[in-house]
Amino acid sequence: MRLLNRERWEIIVGFALLGLVMAAAAYAYAAFYNYDKPTNAFDIVMTFGSVILCPPQLLFVMCIDCEVTGWNGFTLYSIIGALNMALYAIIGKIVSYSRKPD
């Protein structure tokens, strides 16, 4: 039996929402990061993990003067979140079509 179309959509939407959650977590980490403290190993691991789980952030790497907090940061990370959702939806589609039927 093949996977039903509804089951495929559930997988795709689930992955897309996961991508949005990853972008929201990256925004929360960036918004609450304390730049006054020296960088430690936890900050390095969180930064690399954030970039690996939310690669659309790399499109805005040259936006050095952009504020992360406030309306401008929300707008910036909304774009990142939409791109990450699309990326994770594509991954979800690949996963749903590669699954073997029961």
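The values are calculated or read from the model by the stated rules, or taken from the named source; none is laboratory data. Remember, it's a predicted structure, so these values are computed and weren't measured experimentally. Please note: Cβ atoms are built from the backbone with ideal geometry, for glycine as well, and neighbour counts cover all protein chains shown. Quick note on the areas: whole protein, heavy atoms, side chains included, nothing else; ligands and nucleic acids left out. Shrake-Rupley method; radii C 1.70, N 1.55, O 1.52, S 1.80 Å.
Ranking Ala25, Asn72, Ala89 by how far each Cα lies toward the positive end of the dipole of the chain (charges on Cβ) leaves Ala89 at the top.
Accessible area per residue for the chain is 74 Å², calculated with a 1.4 Å probe on protein heavy atoms, without ligands, DNA or RNA. Ranked by the mean number of other Cβ atoms within 10 Å of their residues, highest first, the peptides 14-22, 28-36 come out as 14-22, 28-36.
Surface composition of the chain: carbon and sulfur atoms hold 71% of the protein heavy-atom accessible area at a 1.4 Å probe. With semi-axes defined as the square roots of five times the eigenvalues of the C-alpha gyration tensor, the equivalent ellipsoid of the chain measures 33, 14, 10 Å, largest first. For the range 1-73, the set of trypsin sites (Lys or Arg not before Pro) satisfying both a DSSP loop assignment and a count of at most 16 other C-beta atoms within 10 Å is given as Arg2. With the highest mean first, a sort of the peptides 68-75, 91-98 on other beta-carbon atoms found within 10 angstrom per residue produces 91-98, 68-75. Here the contact order of the range 8-86, divided by its residue count and restricted to Cα pairs under 8 Å and six or more residues apart, works out to 53 percent. Comparing Ala26, Ala89, Ala41 in a Gaussian network model of the chain (Cα springs below 10 Å), the most mobile by mean-square fluctuation is Ala41.
Rounded to the nearest whole Å³, what is the per residue volume of the convex hull around the Cα atoms of the range 20-79? Before the final figure, lay out each step's value.
Working: hull volume 5.1 nm³, N = 60.
Expressed per residue, the convex hull around the Cα atoms of the range 20-79 is 86 Å³.
How much length is gained if the chain between Met62 and Lys37 is pulled fully straight, taking 0.36 nm per residue apart and subtracting their Cα-Cα distance, in nm to one decimal?
Working: separation 25, 0.36 × 25 = 9.00 nm, distance 2.26 nm.
In short, 6.7 nm is gained.
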